Amino acid sequence: MAIKTDMSKAYDRLEWVFISAVMSKMGFSSTWIEWIMRCVTSAKDHVLFNGQPRGNITPHRGLGDLLSPFIFILCTETLVSLLNQAEIQGKKTGMCVARASPPVSHLLFADDSLFFCKAEPRECDEVMKVFKTCEEASGQCINFEKSSLLFGKKIPGSVKETIKSSTGITNEEGMRTYLGIPEDISGSKKKLFTFLKDRLQNRVNGWTGRWVTKGGKEVLIKSIIFALPTYVMYTLLLPLETCENLSSAITQFW
């Protein structure tokens, strides 16, 4: 099974003491930590009111500076370390995509996270225990209403209900995509990748009514249209018919 978590105000809840402690534990110099924390603690917030910045909000936690994504990833290493420790101790099992492959226990992209384990209450409780430990230390918490579960097709309904009750996550198969890629690669590949053609067609239809020169069309095709399916094509092999449909839509626009 997979657990797709949604962090509640991920960047705004990180405690400054926790950030400093993580960098210290990872071996950063005290001088470097002081510089980073000076950047973090000196950030000020304003509220746009009728297009004008108003107020001068001084936060006491959270990330609001340009270093936020990097610091957030550093702090996520705490969660990764606890998950790896649970797996080493045999309390949690990762997912293997093939018999000889190493297990994958998690996929993290900033606050967009997927966690894998066996569909057993014992392992789910261990994952939730890790989440609770990180929440108490970092100040972050999971939004269970926006989080979801994805079960294997052979998992009985009674087990699903037990796990939903123990985790507090009731949404099932609600993620659909992860980082723009369909989470369930099964069934008709032609139907699965129709979203690529629809996305490209919608973009092209918005340009069709405008007067665009040949040079302008060339720029739009090379810089925007070609980039739309590229990310998916890096990961998955598209059916020939899908590629032909994309090429046809581009040719018609040209």
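Quick rundown of the values:
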| quantity | calculated |
| --- | --- |
| Scope region 93-137; condition in contact (Cβ under 8 Å) with a residue 60 or more places away in the chain, outside any helix (DSSP H, G or I) and open to solvent by 50 Å² or more (accessible area, probe 1.4 Å); matching residues | M95, L107, F109, D111, K118 |
| Cβ pairs under 7 Å, 6+ apart, first in region 54-72 and free of Cβ contacts under 8 Å to residues at least 60 places away in the same chain and within 12 Å of V40 (Cα to Cα), second part of a loop (DSSP other than H, G, I, E, B) and open to solvent by 80 Å² or more (accessible area, probe 1.4 Å) | T58/K44; G62/D12 |
| Contacts under 7 angstrom Cβ, first residue in region 183-195 being within 11 Å of L238 (Cα to Cα), partner assigned to a helix (DSSP H, G or I), 6 or more apart | K190/E241; K190/T242; F193/T242 |
| Cross-chain or 6+ apart pairs with Cβ under 7 Å, region 162-173 first and in a strand (DSSP E or B), then of a type in the set (A, V, I, L, M) | E172/L149 |
| Selection count where residues are open to solvent by 80 Å² or more (accessible area, probe 1.4 Å) and in contact with a helix residue (DSSP H, G or I) (Cβ under 7 Å, 6 or more places away or on another chain), scope region 187-196 | 1 |
| Close pairs from region 239-254: first of a type outside the set (A, V, I, L, M, F, W, C), partner open to solvent by 100 Å² or more (accessible area, probe 1.4 Å), Cβ under 7 Å, at least 6 apart | P239/K190; E241/K190; T242/K190 |
| Given (1) closer than 27 Å to S148 by Cα; (2) surrounded by 12 or more Cβ atoms within 10 Å (Cβ to Cβ), number of the condition N245 does not satisfy | (1) |
| Filter result (charged (D, E, K, R) and loosely packed, with under 14 Cβ neighbours inside 10 Å) within region 145-161 | E145, K153, K154, E161 |
| Residue satisfying condition, being closer than 29 Å to K25 by Cβ, at pLDDT below 90, under 18 Å from the mean Cα position of the chain (by Cα) and polar (S, T, N, Q), within set S113, S148 | S113 |
| Answer residue from region 63-86, given it is of a type outside the set (A, V, I, L, M) and not in a helix (DSSP H, G or I) and is surrounded by the fewest Cβ atoms within 10 Å (Cβ to Cβ) among those | D65 |
| Strands (runs of 3 or more DSSP E) completely within region 1-62 that count 3 or more residues being open to solvent by 60 Å² or more (accessible area, probe 1.4 Å) | 45-49, 52-57 |
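The values are calculated or read from the model by the stated rules, or taken from the named source; none is laboratory data. Source: prediction; values computed, not measured. So basically every Cβ, Gly included, is an ideal-geometry build from the backbone, and we count neighbours across all protein chains shown. Accessible surface is based on the protein model in full, side chains and every heavy atom, while ligands, DNA and RNA are left aside. Shrake-Rupley method; radii C 1.70, N 1.55, O 1.52, S 1.80 Å.
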